[in-house]
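Before any comments, here is the structure.
The values are calculated or read from the model by the stated rules, or taken from the named source; none is laboratory data. None of the values given here were measured: they were computed from a predicted structure. Virtual Cβ from ideal backbone geometry, glycine too; neighbours counted across all protein chains shown.
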Amino acid sequence: METRSYPARLDGRFDETTSRWMWLLKPVLVLPHIIVLVFLWVGVFFATFAAGVSILFTTRYPRGLFDFNVGVMRWSWRVAFYSFSAYGTDRYPPFTLQSDPLYPADFDVDYPQQLSRGLVLVKWWLLALPQLVIVAVFAGGFGLHFGNLVGLLALIAVVIYAFSGKYPRDMFDLIMGFNRWCYRVLAYVALMRDEYPPFRLDVGGPDPGHMAEEPSAPAPQPVGAAPVG
């Protein structure tokens, strides 16, 4: 059965060169990022409020505000992937809102040409409530996932990796699924899409939305059939 992709896509690729013990230093190494992100998330709050007013009157999410919010979420995900939410790489996250194709973690949201005026009043709290309850159960909210289920799974996985030299891939895929669910809900709560996040755990490093975009191989032709073209 074909999996329908969601227009907020989160990817993470485990870096095979990741050190077995570097994770012990990462809580200190990410402090500069956390300080910057605290101020950036204050900006996201005000940008989302301004975007909600704009959607209410024009049905449009101002592109500059949209790109800023996506950029902060992308930055947060790179830091989370580097540290408490996956320990998936030792490559230090860049201090930028822009996408970095060379970095093993990324997040993106398709820009909507038009959004519902009515939904903007209820989707971020009333409609999102079931999703927020689920996210709270397995992830304890958004952010870097320090001290909750996702953070605990990531810590167990990296400890196993430290002593065995093998990062449990089933655990990595599950961790990615939890993070992906959180960021889909985050994009919805931030008024960036009207499509309701699916009640579905899409595990694995690559987002199903990107895998769906890959062209399929042409169907084999019967023996003796004339070539098409």
*Which numbered condition P93 fails, given (1) buried (at least 16 other Cβ atoms within 10 Å of the Cβ); (2) in a helix (DSSP H, G or I)*: (2)
_Within the range 153-165, tally of residues that are closer than 19 Å to F178 by Cα and exposed (fewer than 14 other Cβ atoms within 10 Å of the Cβ)_ = 1
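Under the condition of being of a type in the set (D, E) and out of contact with any helix residue (DSSP H, G or I) (no Cβ under 6 Å at 6 or more places or on another chain), which residue from the range 166-214 is farthest from P104 (Cα to Cα)? Give the steps one after another, and end with the answer.
Start the filter on the range 166-214 by keeping residues that are of a type in the set (D, E), which leaves 170, 173, 194-195, 202, 207, 213-214.
Then keep just the ones that are out of contact with any helix residue (DSSP H, G or I) (no Cβ under 6 Å at 6 or more places or on another chain); that gives 170, 173, 195, 207, 213-214.
Values: D170: 18, D173: 14, E195: 27, D207: 13, E213: 19, E214: 19 Å.
Per the stated criteria, the residue is E195.
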*Check F39, F46, F84, F68 and return the single one that is more than 19 Å from A190 (Cβ to Cβ) and of a type in the set (F, W, Y).*
F84
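Could you tell me whether L56 is under 24 Å from G118 (Cα atoms), touching a Leu at 6+ places or on another chain (Cβ under 9 Å) and in a helix (DSSP H, G or I)? Don't jump to the end; show me each part of the working.
Working: under 24 Å from G118 (Cα atoms): yes; touching a Leu at 6+ places or on another chain (Cβ under 9 Å): yes; in a helix (DSSP H, G or I): yes.
The answer is yes for L56.
Restrict the check to the range 16-34 and report whether at least one residue is under 18 Å from the mean Cα position of the chain (by Cα) and part of a helix (DSSP H, G or I).
First pass over the range 16-34, keeping only residues under 18 Å from the mean Cα position of the chain (by Cα): 33-34.
Going one step further and asking which of them are part of a helix (DSSP H, G or I), we end up with 33-34.
For the range 16-34, residues under 18 Å from the mean Cα position of the chain (by Cα) and part of a helix (DSSP H, G or I): present.
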*Is there a residue being surrounded by 22 or more Cβ atoms within 10 Å (Cβ to Cβ), touching a Pro at 6+ places or on another chain (Cβ under 9 Å) and among the hydrophobic types (A, V, I, L, M, F, W, C) anywhere in the range 28-45?*
no
*Conditions: (1) farther than 29 Å from L115 by Cβ; (2) touching a Phe, Trp or Tyr at 6+ places or on another chain (Cβ under 7 Å); (3) of a type in the set (A, V, I, L, M, F, W, C). I34 meets all but one. Number of the miss?*
(2)
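Residue-by-condition table, conditions (1) among the basic types (K, R); (2) out of contact with any helix residue (DSSP H, G or I) (no Cβ under 7 Å at 6 or more places or on another chain):
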{"residue": "R60", "(1), (2)": "yes, no"}
{"residue": "R63", "(1), (2)": "yes, yes"}
{"residue": "N69", "(1), (2)": "no, no"}
{"residue": "Y82", "(1), (2)": "no, no"}
{"residue": "G88", "(1), (2)": "no, no"}
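Being closer than 28 Å to L121 by Cβ and among the aromatic types (F, W, Y): is that true of F95 here?
On the way: closer than 28 Å to L121 by Cβ: no; among the aromatic types (F, W, Y): yes.
Judged against the criteria, F95 is not a match.
Restricting to the range 96-131, and then to whatever is part of a helix (DSSP H, G or I) and touching a helix residue (DSSP H, G or I) at 6+ places or on another chain (Cβ under 7 Å), can you tell me which residue is farthest from Y82 (Cα to Cα)?
Going through the range 96-131, the residues part of a helix (DSSP H, G or I) turn out to be 119-121, 123-127, 129-131.
Pick out the ones that are also touching a helix residue (DSSP H, G or I) at 6+ places or on another chain (Cβ under 7 Å) and you get 120, 123-124, 131.
Details: V120: 33, K123: 31, W124: 28, Q131: 25 Å.
Within the range 96-131, the match that is farthest from Y82 (Cα to Cα) is V120.
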*For residues that are over 18 Å from N179 (Cα atoms), at pLDDT 95 or above and hydrophobic (A, V, I, L, M, F, W, C), tally how many sit in the range 1-33.*
9
